[in-house]
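Asks: Below is one structure. I have some questions about it.
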Amino acid sequence: MRRVLLLSLLLLMTGVAAVQSETGGIWDVFLQRGAGENGSDALIFVDGLTGNSQTVSVQGERYTPLRDGILFYDASQRRILIARPDQTVEPHPFIRMDAEARRIDWIVSEDGRAIAWTLTYGTPEAITTITSVITPEIPRPQLVLEDGPQVGVRALPIAFNETHSLLYMDTYPDGLERYVAYKLYAGLFQLDLSTGETSPLPGEPGCFCGAGVRRDKFVRLGLSGDLSGFDVHYFDLTSGQDRHIDAIRLSNFTQAGDVLVTEDGTLAVYALSDVSDFGTPEQSIRTVFMLIDLLSMEQRPLTEPITTYVHPLLWTEDNSAILFTSTQRDGTWKVSLDTGELLKVAEATYLGSIQG
């Protein structure tokens, strides 16, 4: 627990944690896989002010911070649940799987005040998706997009814009999520929640590659012409500015994704991996973080190779460092932009901050 408290203190000192609410404190939430009762997962809620903690045992996946709890999917019950610091676990009041739905996906806005979810129906040859939202302006569930039937693709929510008026989505190749390590997208578009109109984002559809949308900044990876690396395409969705960075060629590093953009749109980072002997007992992984300077329009490797898949989680310390995690092992690490040095800051996996 000492390592968990260390990260909570770090987050408070660097301004990452949420602003304390009027009715309760801030809680930093961590995950330890298989550490709960009977092999369940343990969600650890740490009070950012006192250091006191509460642990909740759950069976789930896709743990996502909401404003006041952790949203997750319990496949055994086919239910979407919320775990809270008071150790209660209850179904989400609006987000539900019905008997015909075969999949549910969701995203939560950066401020935790809006959520979009998509239910997927049908066979791969005839896929229908229904997308609903709740926002401060739409306080009750509202169906905003019915798509299909489509062959082999489904609509997937990606992010909200800052005012919750636009929902960014992808035309996602159904089933490929089982075979990729990172967040990759095929055909990104935006949905105007007030009019229901859809329009493709600049340059879309693209390759099945990584991308990041934050506020009005859109960063898109694309395979270079000789297929030896990933170019970076940068679009300002407000001004229409379109800029390009050539690929950095690292031999055999062919998997890239999980693009994370800073709030001010000046920097971005993504994970780039070399995987050998995929799917065999001899499989080996090497991953570097690639740092993108969106002012000078340059990219470069930030780290020496790391021997696992890693996922950038958030920017910290005035954008001079990145917190990251791994789906293959518990823990939270920090990497400095100045030195590229890695530091393990918590034994558990950091999920985010919520308000109690």
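Asks: Return the loop-located trypsin sites (Lys or Arg not before Pro) in the stretch 257-347 (DSSP other than H, G, I, E, B) with at most 13 other Cβ atoms within 10 Å of their own Cβ; answer none if there are none.
Replies: On the way: sites: 286, 329, 334, 344; in loops: 329.
Passing sites in the stretch 257-347 are 329.
Asks: Okay, helix-only estimate at 222 nm for the chain: each DSSP H run of n ≥ 4 adds -39500 (n - 2.57), divide by all residues, round to 500 deg cm²/dmol; what do you get? Walk me through the intermediate numbers first.
Replies: Numbers: 1 runs with 13 residues, N = 356.
Helix contribution divided over all residues of the chain: -1000 deg cm²/dmol.
Asks: Over the chain, what is the relative contact order in percent, taking alpha-carbon pairs closer than 8 angstrom and at least six residues apart? Spell out each step's value before the answer.
Replies: Numbers: 863 pairs, mean separation 48.1, N = 356.
Answer for the chain is 14 percent.
Asks: If you take the square roots of the eigenvalues of the alpha-carbon gyration tensor of the chain and sort them as a ≥ b ≥ c, do you get rounded (a/c under 1.5), prolate (a/b over b/c) or oblate? Could you put the intermediate results ahead of the total?
Replies: Details: a/c = 1.35, a/b = 1.06, b/c = 1.28.
Because its axes are fairly even, with a/c under 1.5, the chain counts as rounded.
Asks: Loop only by DSSP, 16 or fewer other Cβ within 10 Å of the Cβ. Give me the GluC sites (Glu not before Pro) in the stretch 235-323 that pass, ordered by residue number. Numbers along the way, then the final one.
Replies: On the way: sites: 263, 282, 298, 317; in loops: 263, 282, 317.
Here the sparse-neighbourhood loop sites are 263, 282, 317.
Asks: Okay, moving on. Which FRET efficiency value, to the nearest 0.05, is calculated for residue 254 and residue 62 with the Förster distance at 35 angstrom and r the Cβ-Cβ distance?
Replies: The value I calculate is 0.85.
Asks: Filter the chymotrypsin sites (Phe, Trp or Tyr not before Pro) in the stretch 47-98 down to the DSSP loop ones having no more than 16 other Cβ atoms within 10 Å, then list what survives.
Replies: Working: sites: 63, 72, 73, 94; in loops: 94.
When the chymotrypsin sites (Phe, Trp or Tyr not before Pro) of the stretch 47-98 are filtered for loop state and at most 16 Cβ neighbours within 10 Å, 94 remain.
Asks: Please say if the stretch 38-147 is rounded, prolate or oblate, where rounded means a/c under 1.5 for a ≥ b ≥ c the square roots of the C-alpha gyration tensor eigenvalues, and otherwise the choice is prolate for a/b larger than b/c and oblate otherwise?
Replies: Details: a/c = 2.88, a/b = 1.55, b/c = 1.86.
Cα axes put the stretch 38-147 in the oblate bin.
Asks: Rounded to the nearest percent, how much of the accessible area of the stretch 263-356 (1.4 Å probe, protein heavy atoms only) is carbon and sulfur? Spell out each step's value before the answer.
Replies: Numbers: 1840 of 3930 Å².
Carbon and sulfur: 47 percent of the exposed surface of the stretch 263-356.
The values are calculated or read from the model by the stated rules, or taken from the named source; none is laboratory data. All of these numbers come straight from a predicted model, not from anything done at the bench. All Cβ positions, glycine included, derive from the backbone under ideal geometry; neighbour counts span all protein chains shown. Keep in mind that these areas ignore ligands, DNA and RNA; they rest on the heavy atoms of the full protein, side chains included. Shrake-Rupley method; radii C 1.70, N 1.55, O 1.52, S 1.80 Å.
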